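The values are calculated or read from the model by the stated rules, or taken from the named source; none is laboratory data. For clarity, every value in this text was computed on a predicted model and none was experimentally measured. Glycine gets a Cβ as well: all are built from the backbone with ideal geometry, and neighbour counts include every protein chain shown.
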Amino acid sequence: MFPFDESLYLPMGNGGLRYLCETDEPALIQIALRQPDLFQYTLHSMKTQEEIKAYFQIAHAQWRQHLEYPFAILHPESGQIIGTTRFYQIMPAQASLAIGYTWLDKDYHGTGLNSLFKHLMLEFVFKTLNFQRVEFRTDSENLRSIRSLQKLGAISEGELRSHMFRPDGSRRNTHILSIIKQEYTNQS
């Protein structure tokens, strides 16, 4: 079972991950508008305030349908909102979900925070929910993301060729990686 109706909070110092509230969105919109290159590999156009708001509306609609669970990322020292991530493709009957839709203020790229937050999510999935599989999907051209996920222990499973449209109309290949519970618990 997945606790869709709970306001989840996964603490890390003075911050952590908590359910993405509408009141979190103005800070995230400001990050997104200041740093449009954050969305080079996303499937959603994020160029305008309206597009970014629509992105959040979709996240909340998916949550209401018990398909996704969006989080605000709060800096572990200041508690300031610095990004967002979510669980998606949540399949409790299969003990499986995906982690993605992650973006983090560029000021925190290369600091290791993204990996720490991913580990926080993996701990919750494998130890609290007792799920068996976590999947990650990214544009095959997003080599930085692929390397980062491999450092977490994710295993590349292959690519879906010409899988989806990018916002510019071109087609992307989607790289799939996963971590299964046994692998994660053996490495942690």
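If I filter region 57-108 down to residues being surrounded by fewer than 18 Cβ atoms within 10 Å (Cβ to Cβ) and of a type in the set (A, V, I, L, M, F, W, C), which single residue comes out as farthest from N14 (Cα to Cα)? Checked region 57-108; the qualifying residue farthest from N14 (Cα to Cα) is A93.
Kindly indicate the residue of region 65-104 that is out of contact with any strand residue (DSSP E or B) (no Cβ under 9 Å at 6 or more places or on another chain) and without any contact (Cβ under 8 Å) to a residue 60 or more places away in the chain and also farthest from I180 (Cα to Cα) among those meeting that condition.
Going through region 65-104, the residues out of contact with any strand residue (DSSP E or B) (no Cβ under 9 Å at 6 or more places or on another chain) turn out to be 65, 92-93.
Those left that are additionally without any contact (Cβ under 8 Å) to a residue 60 or more places away in the chain: 65, 93.
Details: Q65: 26, A93: 16 Å.
So, considering only residues that are out of contact with any strand residue (DSSP E or B) (no Cβ under 9 Å at 6 or more places or on another chain) and without any contact (Cβ under 8 Å) to a residue 60 or more places away in the chain, the one farthest from I180 (Cα to Cα) is Q65.
If you take the residues of region 174-188 that are of a type outside the set (A, V, I, L, M, F, W, C) and surrounded by 14 or more Cβ atoms within 10 Å (Cβ to Cβ), which of them is farthest from Q132 (Cα to Cα)? That would be T174. A93 meets all of the listed conditions (1) assigned to a helix (DSSP H, G or I); (2) among the small types (G, A, S); (3) within 22 Å of L33 (Cα to Cα) but one, namely (3).
Restricted to region 1-88, the set of strands (runs of 3 or more DSSP E) holding at least 3 residues that are at pLDDT 95 or above and within 14 Å of T102 (Cβ to Cβ) comprises 69-74.
Kindly indicate the residue of region 129-139 that is outside any strand (DSSP E or B) and either among the charged types (D, E, K, R) or closer than 18 Å to E6 by Cβ (or both) and also farthest from the chain's Cα centre (by Cα) among those meeting that condition. Of everything passing the filter in region 129-139, N130 is farthest from the chain's Cα centre (by Cα). Of all the residues in region 141-165, those that are surrounded by 16 or more Cβ atoms within 10 Å (Cβ to Cβ) and assigned to a helix (DSSP H, G or I) number 5.
Residues that are over 10 Å from the mean Cα position of the chain (by Cα) and crowded, with 21+ Cβ neighbours inside 10 Å within region 114-123 comprise just one, L122.
The listed residues are T138, T111, and the only one of them that is among the β-branched types (V, I, T), surrounded by 13 or more Cβ atoms within 10 Å (Cβ to Cβ) and at pLDDT 95 or above turns out to be T138. Checked against (1) outside any strand (DSSP E or B); (2) surrounded by fewer than 17 Cβ atoms within 10 Å (Cβ to Cβ), F126 meets all criteria but (2).
When you look at T48, is it closer than 19 Å to R137 by Cα and either buried (at least 21 other Cβ atoms within 10 Å of the Cβ) or not charged (D, E, K, R) (or both), yes or no? It would help to see each step written out before you state the result.
Details: closer than 19 Å to R137 by Cα: no; either buried (at least 21 other Cβ atoms within 10 Å of the Cβ) or not charged (D, E, K, R) (or both): yes.
Spelling it out, it is not the case that T48 is closer than 19 Å to R137 by Cα and either buried (at least 21 other Cβ atoms within 10 Å of the Cβ) or not charged (D, E, K, R) (or both).
For region 130-168, what are the residues that are in contact with a helix residue (DSSP H, G or I) (Cβ under 8 Å, 6 or more places away or on another chain), aliphatic (A, V, I, L, M) and in contact (Cβ under 8 Å) with a residue 40 or more places away in the chain? Matches in region 130-168: V134 only.
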